[in-house]
Amino acid sequence: MSERIVNILNSIKTTGLPDYLKEFQQISEDTFDLQTTLSDFSHQTRLSFNGLDSAYLWIYLTHLFGYLDPLTTTEHLQHILSLNNESYNGSGAFIAVAHNTTNNIFQVTLRSHQIFLTKWRDEEIADAVATLLYNIFVTVGISASNAIRAFDVSEETDKSLVAKMRNRYGRS
């Protein structure tokens, strides 16, 4: 059943985002771990899905990229929430925060879900998912909140990758 998702991910990897999606691995019946350029910096990206046996395919993306600064104030949280209106900073995804009891930190993710018709071609779905991944990637690179501490991505790496993605896809 996940063969279709493998086809979609292969399309993204080879034509959609070759500078971003390196590899992927199925980790459960309905979830894939995506190894991206940012995986080297402790970022984690997952793709989950359901509905392959119906007329609709739901694809969920979760990108863990940082944590809330322990000194976050109410004002900072209000700022994050204001950026989360419709989607976080124009990414097409929303910010979510979950408490990690192991590290006693509040992890920050960008999450998105899209609904596709199963009658669409895999390449069409891959293009849409690649665009969403790109938007999430660029948003992580230009995160506008002082309350969010992104995992360690060097400024040079970040600028270089964002520039490649912007040149390829034209988002400013």
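For the reader, a short list of remarks on this structure follows.
- Tabulated pairs, the stretch 11-30, first surrounded by fewer than 20 Cβ atoms within 10 Å (Cβ to Cβ), second of a type in the set (Ser, Thr, Tyr), C-beta under 8 angstrom, 6+ apart or interchain: 19/37; 22/36; 22/37; 22/39; 26/2; 29/2; 30/2; 30/48
- Residues of the stretch 55-75 that are part of a strand (DSSP E or B) and closer than 20 Å to residue 107 by Cβ: 60, 61, 62, 63, 64, 65, 66, 67, 68.
- Filter result for residue 63 (surrounded by 15 or more Cβ atoms within 10 Å (Cβ to Cβ) and more than 28 Å from residue 117 (Cβ to Cβ)): no
- Of all residues in the stretch 42-57, none that is without any contact (Cβ under 8 Å) to a residue 40 or more places away in the chain has its Cβ atom under 6 Å from the Cβ atom of a residue that is among the basic types (Lys, Arg) and open to solvent by 10 Å² or more (accessible area, probe 1.4 Å), 6 or more apart or on another chain.
- Pair list, Cβ < 7 Å and 6+ apart or interchain, from the stretch 123-136 residues that are of a type in the set (Ser, Thr, Tyr) to residues that are at pLDDT below 95: 134/17; 134/165; 134/169
Yes/no matrix, rows are residues, columns are (1) assigned to a strand (DSSP E or B); (2) without any contact (Cβ under 8 Å) to a residue 60 or more places away in the chain:
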| position | (1), (2) |
| --- | --- |
| 77 | no, no |
| 86 | no, yes |
| 95 | yes, yes |
| 98 | yes, yes |
| 107 | yes, yes |
| 113 | yes, yes |
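- The requirement of being more than 18 Å from residue 44 (Cα to Cα) and open to solvent by less than 30 Å² (accessible area, probe 1.4 Å) is fulfilled nowhere in the stretch 92-110; no residue meets it.
- Consider the stretch 36-51 and keep the residues that are modelled with pLDDT of 95 or more and surrounded by fewer than 20 Cβ atoms within 10 Å (Cβ to Cβ). The one that is nearest to residue 115 (Cα to Cα) is 48.
- Residues (part of a loop (DSSP other than H, G, I, E, B) and either modelled with pLDDT under 65 or touching a Phe, Trp or Tyr at 6+ places or on another chain (Cβ under 6 Å) (or both)) located in the stretch 146-172: 151, 152, 153, 154, 170, 171, 172
- Among all residues of the stretch 74-82, there is at least one that is touching a strand residue (DSSP E or B) at 6+ places or on another chain (Cβ under 7 Å) and under 19 Å from residue 150 (Cα atoms).
- Some residue of the stretch 72-79 being touching a helix residue (DSSP H, G or I) at 6+ places or on another chain (Cβ under 9 Å) and hydrophobic (A, V, I, L, M, F, W, C): no
The values are calculated or read from the model by the stated rules, or taken from the named source; none is laboratory data. Source: prediction; values computed, not measured. Note: ideal-geometry Cβ built from the backbone for every residue, glycine included; neighbour counts use all protein chains shown. For the accessible areas, the whole protein counts, side chains as well, though only heavy atoms, and no ligand, DNA or RNA atoms are used. Shrake-Rupley method; radii C 1.70, N 1.55, O 1.52, S 1.80 Å.
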